[in-house]
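Heads up, the thing below is written out as structure tokens.
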Amino acid sequence: MLNAPIALALYQPDIPQNTGTLLRLCACLAIEAHIIEPAGFPVSDRAFRRAGMDYLDRVTITRHVSWTAFDTWRRQAGRRLVLATTQGATPYTRFAFAPGDITLLGRESAGVPPAVHAAADARITVPMVADLRSLNVAVAAAMIAGEALRQTDGWPGSQPGP
């Protein structure tokens, strides 16, 4: 049985402030968080305490020592991997999220490598103005998480629909 309707996974995050913001988002929305290492900073409460504030005590964080360890874990758990990418063809608002989905967010500096793209069960994107590169990873994650929670009726305190 799943602890949360959806999850966010951060692939080798580069910026501790973004990670702290994402962990705060996860705490506030009761979304489990996964950090796939190595990160571009020491993965500790101290590294992202400012952005995460005192919310870090309220989020379920699972650290994975590598992509391989994470991918093995999620396959054994039967979890679908949904990659948020600027190279995705499906807008996140047109994707059918399901309970247990893990939305994977790439490194701020480089996204994810081709092998991770290939391992994803689906690739989604946030539609935006064509000549701009990308949104901040925490902003994109919040948009996607909101839609996934809406579709799965997974908002904290919500009751399952008919």
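The values are calculated or read from the model by the stated rules, or taken from the named source; none is laboratory data. All values derive from a computational prediction rather than experimental measurement. We place every Cβ from the backbone using ideal geometry, glycine too, and count neighbours over all the protein chains shown.
What the table shows:
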| item | result |
| --- | --- |
| Considering residues of the range 95-135 that are polar (S, T, N, Q) and modelled with pLDDT of 95 or more only, the residue farthest from the chain's Cα centre (by Cα) | Thr125 |
| Residue count, the range 1-43 (criterion: of a type in the set (Ser, Thr, Tyr) and without any contact (Cβ under 8 Å) to a residue 12 or more places away in the chain) | 0 |
| Only one of Ala98, Ala145 that is touching a residue at least 24 places away in the same chain (Cβ under 8 Å) and touching a Cys at 6+ places or on another chain (Cβ under 9 Å) | Ala145 |
| Top-ranked residue of the range 95-135 - restricted to ones that are of a type outside the set (Gly, Ala, Ser) and exposed (fewer than 10 other Cβ atoms within 10 Å of the Cβ), ranked as nearest to Cys26 (Cα to Cα) | Arg133 |
| In the range 42-55, the residues that are on the phi < 0 side of the Ramachandran plot, in a helix (DSSP H, G or I) and either modelled with pLDDT of 95 or more or out of contact with any Pro (no Cβ under 7 Å at 6 or more places or on another chain) (or both) | Asp45, Arg46, Arg49, Arg50, Ala51, Gly52, Asp54, Tyr55 |
| Residues of the range 139-149 that turn out to be in contact with a helix residue (DSSP H, G or I) (Cβ under 7 Å, 6 or more places away or on another chain) and buried (at least 21 other Cβ atoms within 10 Å of the Cβ), as a count | 3 |
| Pairs, first over 18 Å from Phe41 (Cβ atoms) in the range 63-79, second in a helix (DSSP H, G or I), C-beta under 6 Å, six or more apart | Asp71/Ala119 |
| In the range 113-138, the residues that are farther than 16 Å from Ala7 by Cβ and in contact with a Gly (Cβ under 6 Å, 6 or more places away or on another chain) | Arg123, Thr125 |
| Test for Arg74: is it at pLDDT 95 or above, surrounded by fewer than 14 Cβ atoms within 10 Å (Cβ to Cβ), over 13 Å from the mean Cα position of the chain (by Cα) and not small (Gly, Ala, Ser) | no |
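Yes/no matrix, rows are residues, columns are (1) in contact with a strand residue (DSSP E or B) (Cβ under 8 Å, 6 or more places away or on another chain); (2) at pLDDT 90 or above:
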position	(1), (2)
Leu2	no, no
Ile15	no, yes
Leu22	yes, yes
Ile36	yes, yes
Gly40	yes, no
